[in-house]
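The values are calculated or read from the model by the stated rules, or taken from the named source; none is laboratory data. These figures come from a predicted structure and were not determined experimentally. Neighbour counts run over all protein chains shown; Cβ positions are idealised from the backbone, glycine included.
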Amino acid sequence: MPAEDTHSSTGPAASDAGGDPKRTTRRFPRFTRDTARPEGGGRAAPGNAPAPARQWPMLAVVGLVAVGLLVITLDALRPGTLLIGVALLGGAVLRWLLPDVGMLAVRSRFTDVATYGVLGLVIVLLALMIQPEPLLKLSFLKDILHFTVK
C-alpha cells in the first residue's frame, strides 16, 4: 500500500512553483513522523487474538532456531545446525506464501525471501560439510584451499 504524501509545500518554494501553498509535493518531509510497515507486516491472526497467535510465523521460526541451539548444546552439532538452517528456509517459505506474517516481515517480500533462503541454504550446506565424516563433499573447495593457502 503506497504511503500518501501529506506534506504540503509552503514558503518560497511554493510561490516559485506556481503559487498554491496547499499543493502537495513529492519531496520527502524534513522530519519523518513514523516508519512504513513492510509489505506483509500485518497481523497473522485477527487483532483480538492473543499476541502469540498474532505472531505465530515469527515464533515458529525463532522456536525452531532455539530447538536447534539446544540440540547443539547437547553435543549434536550437525542435527542442531541443520535445524537452524531448516528454520530459516521455513521462514523464507512462510514469507513467500502467506500474505501477512507479522514481525517476520522485515523488508520487502523479495528481500526477506532472498535473505532467509540464502542464509538457510548456506547453513544447511555447511551443516552437511561438518567434519569428521562430511555428508557433502565438494572437491573444488579443497583445490581452492590448496591454491590460496600455501
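To keep it simple, each residue is scored yes or no on (1) modelled with pLDDT under 85; (2) under 14 Å from the mean Cα position of the chain (by Cα).
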site: Ala49; (1), (2): yes, no
site: Gly68; (1), (2): no, no
site: Arg78; (1), (2): no, no
site: Ala92; (1), (2): no, yes
site: Thr111; (1), (2): no, yes
site: Gly120; (1), (2): no, yes
site: Leu128; (1), (2): no, no
site: Leu135; (1), (2): no, no
site: Asp143; (1), (2): yes, no
Quiz item: Going by the conditions given, is Ile123 in contact with a helix residue (DSSP H, G or I) (Cβ under 6 Å, 6 or more places away or on another chain), of a type in the set (Val, Ile, Thr) and more than 30 Å from Arg54 (Cβ to Cβ)?
Solution: no
Quiz prompt | Selection status of Thr73, at pLDDT below 90 and either loosely packed, with under 12 Cβ neighbours inside 10 Å or more than 30 Å from Leu136 (Cβ to Cβ) (or both) | solution = no
Practice problem: Select from the stretch 110-126 the residues that are surrounded by 16 or more Cβ atoms within 10 Å (Cβ to Cβ) and not hydroxyl-bearing (Ser, Thr, Tyr) and list them in ascending order. | Solution: Asp112, Val113, Gly117, Leu119, Gly120, Ile123, Val124
Quiz item: How do the pairs read when you match residues in the stretch 69-94 that are among the basic types (Lys, Arg) with residues anywhere that are outside any helix (DSSP H, G or I), using Cβ under 6 Å and keeping only pairs 6 or more apart or on different chains?
Solution: Arg78/Ile130
Quiz item: Does the stretch 130-137 contain at least one residue that is of a type outside the set (D, E, K, R), over 30 Å from Gly47 (Cβ atoms) and assigned to a helix (DSSP H, G or I)?
Solution: no
Exercise. Report, by residue number, each residue of the stretch 69-107 that is over 30 Å from Pro134 (Cα atoms) and either touching a Gly at 6+ places or on another chain (Cβ under 9 Å) or part of a helix (DSSP H, G or I) (or both).
Key: Arg95, Trp96, Leu97, Leu98, Pro99, Asp100, Val101, Gly102, Met103, Leu104, Ala105, Val106
